[in-house]
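Enquirer: Pasting a structure here, questions to come.
The values are calculated or read from the model by the stated rules, or taken from the named source; none is laboratory data. Keep in mind that what you see is a predicted model, and the values were worked out from it rather than measured. Positions of Cβ are generated from backbone atoms using ideal geometry, with glycine treated the same way; all protein chains shown enter the neighbour counts. Surface accessibility is based on the protein's heavy atoms, side chains included, excluding ligands, DNA and RNA. Shrake-Rupley method; radii C 1.70, N 1.55, O 1.52, S 1.80 Å.
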Amino acid sequence: MWNFQLFVLTFGIISKIVKCQELENIDYSNYHICRCSKDYSKDVINDVIKPLTSDYDVWTRNFDFVDVRLPKNIKLPKGCQVMISDIDKAIEETKNGMHMSFPSLDQESFSVDTLGNFFFNEYRDLNTIYLWFDLLKRSFPDLVKVEVVGETFEGREMKALHVSANNRTANPDRKTIVITGGVHSREWISVTSACWTAYQLLTRYSYFKKETRYLDSLDFLIIPIFNPDGYVYTWTHDRLWRKNRQQTYWPNCYGIDIDHSFDYEWGSNDDFPCSEDYSGQEPFEALEASSWNKYLNTTKGEYKIYGYIDFHSYSQEVLYPYAYSCEAIPRDLENLVELSYGLAKAFREKSGKKYRVISACQDRGSDLTPGLGSGSALDYMYHHRAHWAFQLKLRDTGNHGFLLPATYIRPVGKETYASIKYFCDFILNPEI
Ligand SMILES: [Zn+2]
């Protein structure tokens, strides 16, 4: 009871602080998001966009089109159409929840259920999410621990929820499933979906057969905010920030793309430190990536990491390794692809939403431009740690892009959790 009051009170204070800081937010009124079809015999970015402007940001690309943020003052190139004309309005919509009234806080009505209902009404900032971690720990002391994975450039903690029912010493061979979100800070739906997953596992344990079996048989290590500095920055300064906030060698350029910083097949994909996918000058230069690597090395005896799922957005895709090259053949390719289709089917059966299955190298474009897929968390985890590893790019397919309104938190959480259940069932019973 007291905890929940503290939660609501603190949430109120934090909300006010965020509102003040919003005044400094970057103004996107001179930009729009465009979809440019690949009807060209040319490369959309290099041949069409770059000659017009250097002021662009690629949101997503696939076989058929590229979504890109462009200045409104340049003529819309042939084959491009506007997807989001008012970016600032779309940003505001991600910061407004459904404004449901707070649940009554009297003793009888407080339950873990109200905690969940309240929490998932809106996107939450870092402090609120970490406070929520503590409340989960107090509500489920036998099922969850909060562990610190490492520290960021700006001194924030990277925190993991370790969810598991049994004492590991009684069951030393249990397999660990790692779930990460928020590697790219603007992909807020990946953060909420990781929190949603933890919440479902905890609240359904002992009431539902599947979750009871999962927590009795498996370990879960869930890191909803893998990039805390970037995430804070998306709340206070730039909702569309993607990288971490590390100082680079170039004085006015900040941030390394964490998903290009891991050591497996690392390569310098873009030397310009201001670019959105800057990989740093050497592997593990991003502190979040090196912290995670150190954490895994020091906890080797504790965790037998078997499965890895990395939530991103957007485009509704299930990606399997490798990202760095389409020529490298992953082990168990056939099973990897089959499992990918199983994950996609779980999404579809839950919500009707179609998720496309492709190799991560195709998604990254490393089949066409070597280097674009280097140093990913997916390849690193697949190669060094996890038997099965996937990246899930969650909703949507471009109407909102990274700026999904808060009304999507629950539906996306539900369909993503359905795919996580499929993954757990597969790991516990690979014959399915
Ligand atoms: Zn991403």
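Enquirer: Among 372, 403, what's the order by accessible area (1.4 angstrom probe), most exposed first?
Expert: Sorted by accessible area, descending: 372, 403.
Enquirer: Pull out the extension gain between residue 92 and residue 341, defined as 0.36 nm times the separation in residues minus the alpha carbon to alpha carbon distance; nm, one decimal.
Expert: Between residue 92 and residue 341, full extension yields 86.1 nm more.
Enquirer: Counting only helical runs of four or more DSSP H residues, what would the 222 nm mean residue ellipticity of the chain come to if each run contributes -39,500 (n - 2.57) and the total is spread over all its residues?
Expert: Calculated at 222 nm, the ellipticity per residue is -10500 deg cm²/dmol.
Enquirer: Let me know the volume per residue of the alpha-carbon convex hull for region 31-85, in Å³.
Expert: Looking at region 31-85, the number lands at 68 Å³ per residue.
Enquirer: For a protection proxy built on the mean count of beta-carbon atoms within 10 angstrom, sort 127-133, 140-146, 326-332 highest first, please.
Expert: With the highest mean Cβ count within 10 Å placed first, the list reads 127-133, 140-146, 326-332.
Enquirer: I've got another one for you. Could you report the accessible area of residue 318 in Å², rounded to 10, computed with a 1.4 Å probe on the protein chains as they sit in the structure?
Expert: Residue 318 has an accessible surface of roughly 0 Å² with all protein chains in place.
Enquirer: How big, in percent, is the set of alpha carbon pairs in the chain lying more than 40 Å apart?
Expert: It works out to 13 percent of all Cα pairs.
Enquirer: Which whole number in µm²/s is D for region 181-335 by Stokes-Einstein, with the Kirkwood Rh taken over Cα pairs at 20 °C and 1.002 mPa s?
Expert: Using the Kirkwood radius from Cα pairs, D works out to 123 µm²/s.
Enquirer: Once amide H atoms are placed 1.01 Å from N in the peptide plane, what residues at a sequence separation of 5 or more from residue 176, or on another chain, have their amide H within under 5 Å of its amide H?
Expert: 219, 304, 305, 306, 307
Enquirer: Nearest 5 percent is fine: what portion of the DSSP beta bridges confined to the chain is antiparallel?
Expert: Percent antiparallel among DSSP bridges in the chain is about 55.
Enquirer: Given a 1.4 Å probe and the protein chains all in place, what does the accessible area of residue 426 round to, in Å² to the nearest 10?
Expert: So the heavy atoms of residue 426 present about 20 Å² to solvent.
Enquirer: Which order do peptides 388-395, 199-206, 414-421, 45-52 fall in by mean Cβ count within 10 Å, highest first?
Expert: Going from most to least packed, we get 388-395, 414-421, 199-206, 45-52.
Enquirer: Remind me, relative contact order of region 31-85 in percent, using alpha carbon pairs under 8 angstrom and six or more residues apart?
Expert: 55 percent
Enquirer: Below 8 Å between Cα atoms, with a sequence gap of 6+, how large is the relative contact order for the chain in percent?
Expert: Dividing the mean separation by the residue count of the chain yields 17 percent.
Enquirer: Report the normalised scattering of region 156-203 as log10 I(q)/I(0) at q = 0.18, 0.20, 0.30, 0.31 Å⁻¹, calculated by the Debye formula with identical scatterers on the alpha carbons.
Expert: Taken in order of the listed q values, log10 I(q)/I(0) reads -0.69, -0.79, -1.20, -1.23.
Enquirer: Under 5 Å between amide hydrogens, which residues at least 5 positions from residue 60 or on another chain qualify, with H placed 1.01 Å from N in the peptide plane?
Expert: Counting only residues 5 or more places away or on other chains, the set is 67.
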